[in-house]
1. At B:E291 and A:S257, where each label point lies 7 Å from the Cα along Cα→Cβ, what is the point-to-point distance in nanometres?
2. Where the label is 7 Å out from Cα toward Cβ, how close does B:G145 come to the same position in every other copy, in nm, shortest first?
3. Would you please state the base-10 log of I(q)/I(0) at q = 0.18 1/Å for the stretch B:149-295, with intensities from the Debye formula using one equal scatterer on every alpha carbon?
4. Quick one: order B:D210, B:D6 by neighbouring beta-carbon count within 10 Å, fewest to most.
5. What fraction, in whole percent, of alpha-carbon pairs in the stretch B:90-156 exceed 15 Å separation?
6. Between B:A277 and B:R265, 0.36 nm times their residue separation minus their Cα-Cα distance comes to what?
7. In Å and whole numbers, how far do the C-alpha atoms of the protein assembly as shown stretch along each principal axis, longest first?
8. For chain A, what does the helix formula give at 222 nm: sum of -39500 (n - 2.57) over DSSP H segments with n ≥ 4, over the residue count, nearest 500 deg cm²/dmol?
Number of protein chains: 2
Amino acid sequence: MNKKPDFGRIALIGAGLIGGSLARVIRREKLAQTVIAYSRHPATRQRIRELGFVDSVAEDIPTAVANADLVIVSVPVGASGAVAQAMAAHLMPGTIVTDTGSVKQAVIDAVIPNLPNGVHFVPGHPIAGTENTGPDAGFDTLFEGRWCILTPPEGTSENAIATVTNIWKRAGSRVDRMSAAHHDMVLAITSHIPHLLAFNIVGTVAELEDQIKLEVVKYSAGGFRDFTRIAASDPEMWRDIFIENKDAVLEMLGRFSEDLAALQRAIRWDDADGLEAKFSQTRDLRQRVIEAKQA
Amino acid sequence: MNKKPDFGRIALIGAGLIGGSLARVIRREKLAQTVIAYSRHPATRQRIRELGFVDSVAEDIPTAVANADLVIVSVPVGASGAVAQAMAAHLMPGTIVTDTGSVKQAVIDAVIPNLPNGVHFVPGHPIAGTENTGPDAGFDTLFEGRWCILTPPEGTSENAIATVTNIWKRAGSRVDRMSAAHHDMVLAITSHIPHLLAFNIVGTVAELEDQIKLEVVKYSAGGFRDFTRIAASDPEMWRDIFIENKDAVLEMLGRFSEDLAALQRAIRWDDADGLEAKFSQTRDLRQRVIEAKQA
């Protein structure tokens, strides 16, 4: 084993569930001599200090990124451009910047124009998470056995890509590479629409009369509780995801809604055979998810 | 402790996930001198024999229910009327019939007119289950800590209700009582609509082109995998639920679809504040589910 850390200094912009989990991996794997974190909320910065999973906490972005070899941005995707602007003048040439956002094309469009020449941006997205948020929610095995997707634009330094790939491998992830546009379409259906449906049904229940609402909570084991877990995810993060991945989300939502209208019609007209055929089709996909060890 | 079993003979019509789990509870709790099961498929009957969780397996319904003190019907709800017809002439006066179907008003309407006078029908619904089906899927702790809802029509024998209540308590359940119509409305939103959404999104994915489908499976940890689990539930059972609870399902689906259209519009028009407010509203309900110990 190499005794010298891969990096002199790693800066984390955002150290909640994802950034905080990565910080714990970086410490466990001894990937850096120094790790510094910045969070925009003073209370969160204080909590990061108390938890002690980084060496120091910066009060602003320029201080955080000064002299960093690697900057990891884990913020709601709508803030990516502002973060890039705030750090641009303080990055050393050769620094690698990566992110963990759930939308990739919009992040690339917001970040790249703001970075100086000689700084490498490697956009990334770990397909991992829980419904919990904040620095307390992080843990060092969050990424184990999960995929991380990198979407570097054409011309990105292969060395920088290899460096970021290695971090994710040390976190226990498998790493894939695809275009940002393709990523955004696949994630719209695997993640963004499921979350939208969960937020929506929990919202529908929230507007029922109080008596029924109490009972929905009481009997939620019938299926609803899984949706409440998904719908407990961070509101600000998801607000940004839907707006920043609008095109793919609206396209997939259109398909979903057409299919739902067809199912609704089948129920109204007692189309038992049609319903059973539709419901049988879905078992096969579950089997494939289990075989892909994602269940 | 009372050494004598509560029942001489219990007959199970259907012994899959729910009936098979109850059979295991009945044996563990020594609730009957004899337990006999019937299943409509010969292969399932053979498998029940091999598993050995009942004393004997009947080849037809009349044989199963002959001399039974208690009959537990756990079949797709659309078959309830036919099962009642098949057993009616073979039931002893005083026999208690109960069921475990996920829809209650339609089952009551199908069963009661077919039962002879002197036979007590106590409709029930345990809010418990997994995505697995068949006699192998059952286990004796399935109902522990879960609710069972009884929906006896007015005039049902209180003794019969108490007897059925006791069985569910021995299974570890808490027992509630409400009208069938109310049950069907609450379950439409807590269980039937969540399942419909899961079936629907998995169906939408099943119709995507093969390359994207492979990737959806690969990256399903982003949220989709929870839906594939729900959508792996028994197609025939769910076909019947949607048709037999059509009114409540279409009513709740209408509310859901209106809300989804509003969310879609908020995404299209970049209504960040509206989205965040909506997504924040849903966290509170999750907290209530956790507090109700249903998570």
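1. 3.5
2. So the distances to the same position in the other copies read 2.2 nm.
3. -1.36
4. Working: B:D210 7, B:D6 18.
Result, fewest neighbours first: B:D210, B:D6.
5. 60
6. The B:A277-B:R265 span can extend by a further 2.9 nm.
7. Computed over the protein assembly as shown, the largest-to-smallest principal extents equal 89, 48, 43 Å.
8. Taking each H run of at least 4 residues, the total per residue is -15000 deg cm²/dmol.
Any read-out appearing in this document is the output of simple, stated calculations on the displayed coordinates, not a laboratory observation. Small disclaimer: the values here were computed from a predicted structure and weren't measured. Glycine gets a Cβ as well: all are built from the backbone with ideal geometry, and neighbour counts include every protein chain shown.
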